[in-house]
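Trainee: Input: one structure, supplied below.
No value in this document is a laboratory result; all are computed from the given coordinates. Because the structure is a prediction, the values reported are computed rather than measured. Neighbour counts run over all protein chains shown; Cβ positions are idealised from the backbone, glycine included.
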Amino acid sequence: MSAEPLQVDARGLLCPMPVIRLQDAVAGLAEGACVQLLATDPGVHADIPAWCRVHGHQVEAVTDDHDPDGIIRLRIRVGGSGIAEQ
């Protein structure tokens, strides 16, 4: 597994496009892979964690402090089951 996460660029896109871009990227990845999503839509603070819960993935980090361009970085660990147990 690569030390560098796959980067998904969703800057400038509004809901639901950041989720769709992430979903497309994750579809081809193995369990345990890491993805970094770059976004500017503040809705990703709620949308991405909710999508991850439903699909069995984990948000490991969210960073948006003091970014002059308003970029929000989310680090997601790919789960294996597709749908999380409730």
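Trainee: Could you tell me which label, among (i) 36, 29, 20; (ii) 28, 27, 20; (iii) 32, 25, 20, carries the value of Cα extents along the principal axes in Å calculated for this structure?
Mentor: Correct label is (i).
Trainee: Order by neighbour count: Glu4, Glu31, fewest other Cβ atoms within 10 Å first, most last.
Mentor: Numbers: Glu4 8, Glu31 11.
Fewest-to-most Cβ neighbours within 10 Å comes out as Glu4, Glu31.
Trainee: Please determine, in degrees from 0 to 90 and to the nearest 10, the orientation of helix 17-26 with respect to the longest principal axis defined by the Cα atoms of the chain, where the helix direction is its Cα long axis.
Mentor: The angle comes out at about 40 degrees.
Trainee: Further question on the same structure: If you take the charge dipole of the chain about its Cα centre, with +1 on Lys and Arg Cβ and -1 on Asp and Glu Cβ, which of Gln23, His45, Ile72 is farthest toward its positive end?
Mentor: Looking along the dipole axis, the top candidate is Gln23.
Trainee: Now, a different point. Place a +1 charge on the Cβ of each Lys and Arg in the chain and a -1 charge on the Cβ of each Asp and Glu, then give the dipole magnitude about the Cα centre in debye, rounded to the nearest 20.
Mentor: Value, rounded to 20: 160 debye.
Trainee: What angle do you read, to the nearest 10 degrees and between 0 and 90, between the alpha-carbon axis of helix 44-55 and the longest principal axis of the chain?
Mentor: Between the helix axis and the principal axis of the chain, the angle is about 10 degrees.
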